[in-house]
Amino acid sequence: MTWRLPPMAIGGIAGLAVALLLAPATGTALGELAAARAEHARLAALAARPAAPPPLLAPGLGLHLAGAAAGRAAILSRVRALARSGGVLVEEASTAQAPAGVAALRIRVSGAEKAVVALADALERGRPLMRMRSWRIEPIPEGGVRLIGEVVAAWQ
């Protein structure tokens, strides 16, 4: 009597042999798949994070102070120094609404036209960067002009 393997057993043994031959390649592919999934999850979490707001100014142009109040004080100090050196009167300085990271000061100055324009020019050209957000110059009855405007500067 001869003993024969059934065809199903031969197929099963051949399948096991092929599976053993392919096991290292399969393990490598599964490891690469796991690494790719981890990288995908990391990139998805990075993309879902809110973007940091861009800086308002180029480095070195802002006030670099602790807060809006300190920014307004720096603006006022500069306006007063420029007014003193140009013979201009600072009539009023008060706070103005400003977005986050920006200090704003409403000013009213008066004096000779040439001196007031020179003050506005020096204020906008100097460093740290300060700009007149809105302004107007009007004549005053006693002679000269009055500049009314809002000065803004980034403090962050």
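The values are calculated or read from the model by the stated rules, or taken from the named source; none is laboratory data. This is a predicted model, so every value here is computed, not measured. For accessibility, only protein heavy atoms count, side chains too; no ligands or nucleic acids. Shrake-Rupley method; radii C 1.70, N 1.55, O 1.52, S 1.80 Å.
If I fit a long axis through the Cα atoms of helix 7-48 and take the longest principal axis of the Cα atoms of the chain, what angle between them do I get, 0 to 90°, rounded to 10?
10
What accessible area per residue, rounded to a whole number of Å², is obtained for the chain using a probe radius of 1.4 Å? Mind dumping the intermediate values first?
Working: 10590 Å² over 156 residues.
Ligands and nucleic acids excluded, the figure is 68 Å² per residue.
Using amide H atoms built 1.01 Å from N in the peptide plane, name the residues 5+ places from Val102, or on other chains, whose amide H lies under 5 Å from its own.
Trp155
If amide H atoms are built 1.01 Å from N in the plane of the peptide, which residues on other chains or at least 5 residues away come under 5 Å of the amide H of Arg133?
Glu150, Val151, Val152
Return the sequence-ordered ³J(HN,Hα) values of segment 148-154 in whole Hz as given by the Karplus equation 6.51 cos²θ - 1.76 cosθ + 1.60 applied to θ = phi - 60°, using x for Gly and Pro.
10, x, 10, 9, 10, 8, 7
Starting from the amide H of Arg146, placed 1.01 Å from N in the peptide plane, find each other amide H under 5 Å away whose residue is 5 or more places distant or on another chain.
Amide H to amide H, under 5 Å and 5 or more residues apart or across chains, Arg146 pairs with Glu138, Ile140.
Accessible area of the chain with a 1.4 Å probe: how many percent of it is carbon plus sulfur?
Whole-percent figure for carbon plus sulfur exposure: 65.
With Rg and Dmax of the Cα atoms in Å defined as stated, name the option among (i) 36.7, 134; (ii) 16.5, 48; (iii) 15.3, 49 computed from the structure displayed.
Checking each listed value against the structure points to (i).
Determine the calculated [θ] at 222 nm for the chain from helices alone, applying -39500 (n - 2.57) to every DSSP H run no shorter than 4 residues and normalising by the residue count; nearest 500 deg cm²/dmol.
After summing the helix terms and dividing by the residues of the chain, the value is -17000 deg cm²/dmol.
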